[in-house]
Structure formats: structure tokens, C-alpha cells
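What follows is one structure encoded as C-alpha cells, with my remarks underneath.
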Amino acid sequence: MTKLGAKRIHTVRTRGGNEKHRALRLESGNFAWGSEHSTRKTRIIGVVYNASNNELVRTNTIVKNCIVQIDAAPFRQWYESHYAVPVTKKGVRSKDTEATDPKAQSAHVKRVFAERAKTAKIDPLLESQFSAGRLYAAISSRPGQSGRADGYVLEGLELAFYLKRLNAKKSSA
């Protein structure tokens, strides 16, 4: 079972002389943001939900299909550099302060950013997570077999489902 902590991976000899990489502890992973077609390596903060066993949540054990909280900073930086607009509406600078920050950009770059800004829409549930600095993600790899904790950022109906489950768990506790 893979715990949350400083990276510790052992190799295990398997049938045919092949090797598995057994992750005993992991602290980060590669997570994909599906709707934006972007993948970033980010820090895993903690395990928040596991359908099979609440003991795995309490002990911060990472297994396949568990829901974890990850650091939102790499995705925020990518989004803001790609679309040239802030992720959240809170703390948005006014037009006056933007004019005082001179950024030398060609006309082509300005057109590209203007075109991208038209499609820069984020789900309100995801936007609230960005403002908190943490995103919910699901682990899609098997850390005990592959030695990696890779996954995807939860969005849409799947995010709404798990938020409902987490809120129900908090209210019953």
C-alpha cells in the first residue's frame, strides 16, 4: 500500500525476470486536466475519499480510483500564461493597473491571446477550487504496481458527484 510522504520506491522481481516498481511512499504525480488538454506534475496534498474503505482515507493511503487533493498552482500558472486571463474573478486587477504594467507583445501575440480568451471558460465548481488553491483529482494508475501516482482532475458531473459525497460525509461526522 502506498502512503503519502517522501518518495520511496522499491523494485520487485516478477515472473519472467521482469520488474515492478512498488511505490511505498509518494508525494507527487502527473495529473491531466482533460478539458484543457494539459498535464502537469503537482504535489499530492492528501487523500479525501475512497469508495472501498474509509481507513485508507484516514491513513492517507493512495490506491487506484481514490480521490486526492492536489496543489492547483501548476494548473493556475499554465492557464494564466496560456489564456492571459486570471483563473478566478476575485482579486482581478482593474484596467488602470494593467496599463501601468508594460508587456511588450507583438500584434500577433495579442491576437492569439484575444482569440484564446473567447474560449477561456472554467466550470464554477472548478473555479471555487482554484480560489482555494487545491483541486480534487482521481488516481488512475496503480501506485503499488507502477510506482507512480498519475491521474486526472475531476470536472463536470464527476466533480459534482464527489463533492456531494464529501459534503454528506462531513455533515454526518
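The values are calculated or read from the model by the stated rules, or taken from the named source; none is laboratory data. Because the structure is a prediction, the values reported are computed rather than measured. All Cβ positions, even for glycine, are placed from backbone atoms using ideal geometry, and neighbour counts span all protein chains on display. Remember, those area values only see protein heavy atoms, side chains included, never the ligands or the DNA or RNA. Shrake-Rupley method; radii C 1.70, N 1.55, O 1.52, S 1.80 Å.
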> Which of the residues belonging to segment 46-75 are under 15 Å from ILE139 (Cα atoms), open to solvent by less than 40 Å² (accessible area, probe 1.4 Å) and of a type in the set (A, V, I, L, M)?
Replying inline: VAL47, VAL48, LEU56, VAL57, ILE62, VAL63, ILE67, VAL68, ILE70
> Tally time: how many residues in segment 12-53 are more than 18 Å from the chain's Cα centre (by Cα) and without any contact (Cβ under 8 Å) to a residue 24 or more places away in the chain?
Replying inline: 13
>> Return the residues of segment 123-162 that are open to solvent by 20 Å² or more (accessible area, probe 1.4 Å), within 17 Å of ILE45 (Cα to Cα) and among the aliphatic types (A, V, I, L, M); say none if nothing qualifies.
In response: ALA132
>> Looking only at segment 1-40, filter to residues that are open to solvent by less than 50 Å² (accessible area, probe 1.4 Å) and assigned to a loop (DSSP other than H, G, I, E, B); which one of those is farthest from VAL63 (Cα to Cα)?
In response: THR14
> Got a sec? Which of GLY46, GLY29 is small (Gly, Ala, Ser) and within 30 Å of THR119 (Cα to Cα)?
Replying inline: GLY29
> If you scan segment 109-130, which residues turn out to be assigned to a helix (DSSP H, G or I) and within 21 Å of the chain's Cα centre (by Cα)?
Replying inline: PRO124, LEU125, LEU126, GLU127, SER128, GLN129, PHE130
